[in-house]
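Notes follow the structure.
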Amino acid sequence: MAMDLDALEREMTAWRRDLHAHPEFGFEEKRTSAFVAAKLREFGLDDVTEGVGGTGVVGTLKRGSGNRAIALRADMDALRITEQGTQDYRSQNPGTMHACGHDGHTTMLLGAAKLLAQEDGFDGTVRFVFQPAEEWGKGALAMLADGLMERFPFEEIYGLHNMPGFPVGHFQTRAGPIMSAEDNFEIVLKGIGGHAARPHWGNEVLVAACATVMNLQTIVSRRLSPTDVGVVSVTELTTDGTRNALPGLARILGDARSFRPEVSAEIEKQMRIIAEGTALTYNVATEVTYTREFVPTLNDAALVDAAFAAARTVFEPDHVSTAREPMTGSEDFARFLEHVPGCFAFVGNGKQSAPLHNPAYDFNDDGLLYGARFHAAVARQRLRSA
Ligand SMILES: [Zn+2]
Ligand SMILES: [Zn+2]
């Protein structure tokens, strides 16, 4: 039975504004996940499971006899930002707001669930994955650790993010890297502090720390291939020194970005060589901690083609385009792509939209129906009825 799309759009707008007024931080999405689960049950899904990886929700819809399964994913968390907007649906939780449009992503996926539950048009299993804590880069891992792939198996996965500055009704993605990895590092230097007037009596660490910071600049300029993209940024240097006392302890903190796991591995390797070599030069001890907060989002070429084909049935064909370059932001969706191939894509949030993570940001409701219809189209395309 064909659905009244105007009515669906009105309904989705009301859901989105309700979610926007009640933002919740990562792993605290209790009201949001209860809202999502209640809607999915109302649509008549075959199964709705709450509490997957904390506050995650997975809905399952089966039709026909096909044994293939695909997943459609949305994120539900908000940010610790104080909203500046004056809309009547502005945040009612002081200090927390939907500044990344995850209220819109959740609503688009709910709209797709309603469309697919009512209209069918596919043969197989669709998993609706609503993940918590995307902004932390922890929610996808929590769902995976809670047995997502074993309990709700699927073979491919698709996700959308809105993009400010890009017109509503436009769709963009690319094969290969689309979002960057984010690695964090900490280098601790230990020596012997002492009187500023007698540096030779101790073994202070500040000069060694400064040399380390300078030497780290050669990783990208001298160690990575000129055709590889990487960023190494030292963001903090602190010591326990004071006005007339040399420090015995220094901490260097920073952030590194890359688009290929091999580049991330090379940055870590070179950082360890430089930190240890510089510490040796200055006869101080060093310890490097290197963590991968987000892995790069790597789209599967064949499934990008499938996503483009589905998008052309929803968006004007000339509003569907290939992104020329990846973005240096990071996405927790990448963790799912470590298990199955998939495609992450961008939809326009309008030229007038404030940037993501800005206190004036708001998801553009004019984009809701496009997102819901894209999700439904990709499910029908990939689980085509015989
Ligand atoms: Zn964000
Ligand atoms: Zn986001």
Query raised in the report: If you bin the C-alpha pair distances of the stretch 61-211 every 5 Å from 0, what whole percents do you get?
Result: 2, 7, 11, 13, 14, 12, 9, 7, 6, 5, 4, 4, 3, 2, 1, 1, 0
Query raised in the report: Between Met214, Met327, Met76, which gets the highest mean-square fluctuation from a Gaussian network model of the chain, Cα cutoff 10 Å?
Result: Met214
**Report entry** Efficiency of FRET from Cβ geometry, Asn283 and Asp228, R₀ 30 Å, rounded to 0.05
**Finding:** 0.35
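For a protection proxy built on the mean count of beta-carbon atoms within 10 angstrom, sort 133-140, 258-265, 280-287 highest first, please. All intermediate terms of the calculation are to be shown ahead of the outcome.
Working: 133-140: 22.6, 258-265: 18.6, 280-287: 15.5.
Descending mean neighbour count gives 133-140, 258-265, 280-287.
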Query raised in the report: Using alpha-carbon pairs under 8 Å, 6+ residues apart, how would you state the relative contact order of the stretch 228-291 in percent?
Result: 27
Query raised in the report: In degrees from 0 to 90, rounded to the nearest 10, what is the angle of the helix 102-119 Cα long axis to the longest principal axis of the chain?
Result: 30
Requested in this report: Tell me the label-point distance for the pair Lys62, Asp47, using the 7 Å Cα-to-Cβ offset, in nm and rounded to one decimal.
Outcome: 0.8
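What is the magnitude of the charge dipole of the stretch 193-301 about its Cα centre, with +1 placed on the Cβ of each Lys and Arg, -1 on the Cβ of each Asp and Glu, and no other charges, expressed in debye to the nearest 20?
Its charge dipole is roughly 300 debye.
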**Report entry** Dipole-positive endmost among Pro341, Ala307, Val295 within the stretch 235-341 (Cβ charges, Cα centre)
**Finding:** Val295
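How much length is gained if the chain between Asp305 and Asp366 is pulled fully straight, taking 0.36 nm per residue apart and subtracting their Cα-Cα distance, in nm to one decimal? Spell out each step's value before the answer.
Numbers: separation 61, 0.36 × 61 = 21.96 nm, distance 2.53 nm.
Full-extension gain reported as 19.4 nm.
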Report summary line: Once normalised by the length of the stretch 276-386, the mean sequence separation of its alpha carbon contacts under 8 Å that are 6 or more apart gives a contact order in percent of 33
Query raised in the report: Helix 368-382 versus the longest principal axis of the chain: what angle, 0 to 90°, nearest 10, using Cα atoms?
Result: 80
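So how do 102-115, 151-164 stack up, highest first, on mean other-Cβ count within 10 Å?
102-115, 151-164
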Requested in this report: In Å³ and rounded to a whole number, note down the convex hull volume per residue for the Cα atoms of the chain.
Outcome: 151
Requested in this report: State the answer as a single residue: which of Thr107, His200, Ala250 lies farthest towards the positive end of the charge dipole of the chain, with beta carbon charges of +1 for Lys and Arg and -1 for Asp and Glu, about the Cα centre.
Outcome: His200
Report task. Grab the beta carbon distance between Ser221 and Ala323, set R0 = 22 Å, and tell me the FRET efficiency rounded to 0.05. Result -> 0.25
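Which whole-number percent is the relative contact order of the chain (Cα, under 8 Å, 6+ apart)? Intermediate values should be presented prior to the final figure.
On the way: 928 pairs, mean separation 96.0, N = 386.
Computed over the chain, the figure is 25 percent.
Counting Lys and Arg as +1 and Asp and Glu as -1, what is the net charge of the other residues whose Cβ lies under 15 Å from the Cβ of Ser65?
On the way: positive: Lys62, Arg63, Arg68, Arg384; negative: Asp46, Asp120, Asp123.
For residues surrounding Ser65, the net value is +1.
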Query raised in the report: For the stretch 289-386, rounded, prolate or oblate, judged on the Cα gyration tensor with a ≥ b ≥ c (square roots of eigenvalues), a/c < 1.5 rounded, else prolate if a/b > b/c?
Result: oblate
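Expected output is a single nm value to one decimal: the length gained when fully extending between Asp120 and Thr242, i.e. 0.36 nm times separation in residues minus the C-alpha distance. What is it? Working shown, then result.
Values: separation 122, 0.36 × 122 = 43.92 nm, distance 6.93 nm.
That pair, Asp120 and Thr242, stretches by 37.0 nm at full extension.
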Query raised in the report: Hey, what angle do you get for helix 206-216 against the long axis of the chain, alpha-carbon based, 0 to 90 degrees rounded to 10?
Result: 50
Query raised in the report: the stretch 278-324 to the stretch 29-106: how many Å between their Cα centroids?
Result: 24
Requested in this report: List the lysines whose Cα lies under 26 Å from the Cα of Lys114, skipping any in the same chain that are fewer than 8 positions away.
Outcome: Lys30, Lys39, Lys62
Query raised in the report: When the dipole is taken about the Cα centre of the stretch 116-228, and only Lys, Arg (+1) and Asp, Glu (-1) are charged at their Cβ, what size is it in debye, to the nearest 20?
Result: 860
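Treat every Asp and Glu Cβ in the chain as -1 and every Lys and Arg Cβ as +1, leave all other atoms uncharged, and give the resulting dipole magnitude about the Cα centre to the nearest 20 debye. Numbers along the way, then the final one.
Values: 37 positive and 51 negative charges, 114 e Å.
With Lys and Arg at +1 and Asp and Glu at -1, about 540 debye.
FYI, it's all coordinate maths here, none of it is from the lab. In this text the structure is predicted, and so the values were computed from the model without any measurement. A quick note on method: Cβ atoms are made from the backbone with ideal geometry, for glycine too, and the neighbour counts reach across all protein chains shown.
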